[in-house]
Amino acid sequence: MPDEPCQCPDCQRFYREHDRLIRECPTLRQQQELNWAALQSFRTLAGRVLEDLQKQNVAIGDENSAQPSLSQASADEQVESLQQAIADLENINAHLYSIEALMERVFDVKAPEAIEQKFREFAGELAPDPLNADRLRLNRLLHQTPDLPDKN
């Protein structure tokens, strides 16, 4: 394992998002809620896409049986690709349901205010403000690019 964190754009984006989530949700309760919301949004979106692909699969099957095409190999390839995507999304959804069951256990934990305060303290240490003047100055001294938000 290298001592230096990876500098590729994907990893840098992950580090920024990681730090942002710690800064914006520095308590146990906020982290619980954040993770639950992320899980539910992932399930909702994946479920909706799965439903749409299943409808599309049925429609393609109906088209193929009503009007046999000259390029049957192409149609078969399209159906096979669609069925693979459906199977993959069904697997993802099954995993998300399993994660949801595990996440429900996380909500059983209620932390007293003293523990929530510890979370806030460590959040400040783990994910300092990237625009903090001292951090920007240190980045310049070390010849590193400041960890600024994406301009997109």
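For this structure, a couple of remarks:
- Any hit, segment 30-42, residues being surrounded by fewer than 11 Cβ atoms within 10 Å (Cβ to Cβ), over 22 Å from the mean Cα position of the chain (by Cα) and either under 26 Å from Pro128 (Cβ atoms) or modelled with pLDDT under 85 (or both): no
- Of all residues in segment 1-27, those satisfying the criterion of being over 26 Å from His95 (Cβ atoms), part of a helix (DSSP H, G or I) and modelled with pLDDT of 90 or more are Arg23, Glu24.
- Selection of first residues in segment 16-39 that are of a type in the set (Ser, Thr, Tyr) and of second residues that are crowded, with 17+ Cβ neighbours inside 10 Å, restricted to Cβ pairs under 6 Å at least 6 apart or on distinct chains, gives the following pairs, ordered by first then second residue: Thr27/Phe119.
- Of all residues making up segment 99-113, the number that are assigned to a loop (DSSP other than H, G, I, E, B) and loosely packed, with under 12 Cβ neighbours inside 10 Å: 4
- Matching residues, segment 28-54, being over 23 Å from His95 (Cβ atoms) and of a type in the set (Lys, Arg): Arg29
The values are calculated or read from the model by the stated rules, or taken from the named source; none is laboratory data. Owing to the predicted nature of the structure, the values given are computational and were not obtained by experimental measurement. Neighbour counts run over all protein chains shown; Cβ positions are idealised from the backbone, glycine included.
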